[in-house]
1. Determine which member of the set A:Ala289, A:Ala250, A:Ala271 is of a type in the set (Gly, Ala, Ser) and not in a helix (DSSP H, G or I).
2. Taking the range B:187-206 only, how many residues are more than 16 Å from B:Leu220 (Cα to Cα) and assigned to a loop (DSSP other than H, G, I, E, B)?
3. List pairs: first residue in the range B:4-19 and facing another protein chain (nearest Cβ under 8 Å) and surrounded by fewer than 21 Cβ atoms within 10 Å (Cβ to Cβ), second residue of a type outside the set (Asp, Glu) and assigned to a loop (DSSP other than H, G, I, E, B) anywhere in the structure, Cβ distance under 6 angstrom, at least six positions apart or on different chains.
4. Does A:Leu148 fit the bill of being in contact with a helix residue (DSSP H, G or I) (Cβ under 8 Å, 6 or more places away or on another chain), among the hydrophobic types (A, V, I, L, M, F, W, C) and closer than 30 Å to A:Gly29 by Cα?
5. Of all helices (runs of 4 or more DSSP H) completely enclosed by the range A:21-118, which ones contain at least 2 residues that are within 14 Å of another protein chain (Cβ to nearest Cβ) and over 22 Å from B:Leu2 (Cα atoms)?
6. Sort out for me the strands (runs of 3 or more DSSP E) sitting completely within the range B:19-125 that have 2 or more residues that are over 30 Å from B:Val179 (Cβ atoms) and aliphatic (A, V, I, L, M).
7. Mind listing just one residue for me: the one in the range B:114-124 that is more than 14 Å from chain A (Cβ to nearest Cβ) and over 11 Å from the mean Cα position of the chain (by Cα) and, of those, surrounded by the fewest Cβ atoms within 10 Å (Cβ to Cβ)?
8. Looking at the range B:78-104, which of its residues are under 18 Å from B:Leu172 (Cα atoms), surrounded by fewer than 23 Cβ atoms within 10 Å (Cβ to Cβ) and among the aromatic types (Phe, Trp, Tyr)?
Amino acid sequence: MNTDTAIAVADLAKNYRTRWGKSTHALAGVSLEVQRGSIFGLLGRNGAGKTTLLKILLSLVRPTGGAARVFGHDPFDARTRRRVGFLPEQIRLPEYLKAESFLRYMGRLGYVDRAVLARRIPELLELVGLRGERKLLRAYSRGMQQRLGLAQALVNDPDLLLLDEPTEGLDPIGRKQVRDLLVELRGRGKTIFLNSHLLSEVELVCDQVMILDRGLAKKSGSPGEFMRHTGEYRVKLAEVTEAIVAAVAAVVADAKWSGAEFRFALSGGRAQLNALIDSLRALPVEIEAVEPVRSTLEEFFIEVVAGNAGGMA
Amino acid sequence: MLTVFWHTLRESIHRRMGLVLLVCSVFLPSVLFAVSRFERQANGSIVAYTGPFRHTDIQVFVNDAFGSLLQFTAGIWLFLGMFAAGPLLVSYLEKGAPDLLFSKGVPRWQFFLGRFLGVLALFVIAVGVMDGGSALYLWARTGVGPGRFLVALLFPLLSFAAYLALMGLVSLAQANAGVLIMVAFLQAAFSAVLANRSQLFTVIQWAWARTAIDWLYRILPKNSELDRMANMYFRSVTYDWWPIWSTGVFIGVVLGVSLWFLHRKSF
């Protein structure tokens, strides 16, 4: 493992034993590396093993096999955890505290100096939009709890931030704020490990993505690699007439029309595309757009977990 | 650990039972002494009045008051303490809390010991306010020193620590305050039965059962005997080391086992 690696996981396995002695695997030999200063997204269905992996990195769960290292150290070493911030999916807040005293408590548990906390807590409350909130935590909405959860994950100014569904319960503005914050933190050299169902968000912020399915790493790469060209093109026209449909059919046999636009698979290469444009230009029609069709991360994800994308890449 | 300790005390104030314990520890002796009146006689002796009753032997009066306080502490107070301890020993283990707390830089053993000591401190404070406050009041009014009474209070404190250790161990398997309180009550009842096992042996004839009961008696804390010894010590300064050290060993071993379980536990 080189010094640029924040998280290194090799052949990680976790088996759970049910009350009746039956063994089920949550992780079955997962390996991954997360570079410092990057945002890593872990995707997967419910029960794919995402939270188990996250919990092993936090020493909350003991692995059955394999090894996990955080900044080159065992996560079970308490000193390693002092460099990590964590936002759990399900957060239980001490209801009788206020935001400020809660953050002070969390900060002290992270061995943050009192003087540093006195300066940092108002900044964090400002950052998550809870400055001046005087209510007890029991009166907090789900969104407010999530914002405070994010603040407590940042209270020790961690080098590594592990976030389990960080935008859960937030409104669209809150989600955008969190996304912007993650990008800003990456800019400050922080490493972020994101666990999310919200593929559109992962697509927007992550540098690296891994798809986990039934405890196995199915695909790993950058979101750009996953959102690849499908080999299809979309042509959008101002209007559609019978003459246009006939002209298109003469060049591409499998055009799928939808209103004034159609999609087709390019079987004859660039020459076929140019021939199509030429035949359209010969007609009295305005071409509004011609663009390659790319799959979204969501489409790719569904393809992978449905078993169509083959083994680990 | 100190952060966890202070937080436990703070949490106890916010939870009703912890608050009830502290309020009662101030309220009960206040009521008790509101009905007492002391008068210095011409010969220098002090006479106490409780309602219509006149107590001329002040030493006997104060010793009776201390005796009642000891019984109260070793009885109702211990049970109130269990009710206060239950929720405090499980709140950091309930769903959603370990993820938040154990992912911080504080090792798990410090959480466990911080909680244990925090709850014990709550009980010590409550007993200190009630019994210590009463002792100082009586000392100031009558001149009868509370030395032996204060030492005798260590017996119910040891007994409470044993209940706490047991509750702490159970909390790792079942994070439910009700279950913890039930286990502590069972131990209280069991220790009384085991302390009087000779009576049990009149109906149990099997040698193996008697041996098993004897071993149970040796292993489990001697809460019943400790509570009785508090009064014995106060009255006559006689005590037996066996229940003290064997309960101390029980607490040490159970805490050690609990820390090991917590260290190995997955959340």
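1. Every option except A:Ala289 fails the conditions.
2. 6
3. B:His14/A:Tyr96
4. no
5. A:50-57
6. B:46-50
7. Once the filter is applied, the top-ranked residue is B:Leu117.
8. Residue satisfying the conditions is B:Phe83 alone.
Bear in mind that the values in this text are calculations on the coordinates, not laboratory data. None of these values were measured; they are calculated from a predicted model. Neighbour counts are summed over all protein chains in view; Cβ atoms, including those assigned to glycine, are modelled from backbone coordinates with ideal geometry.
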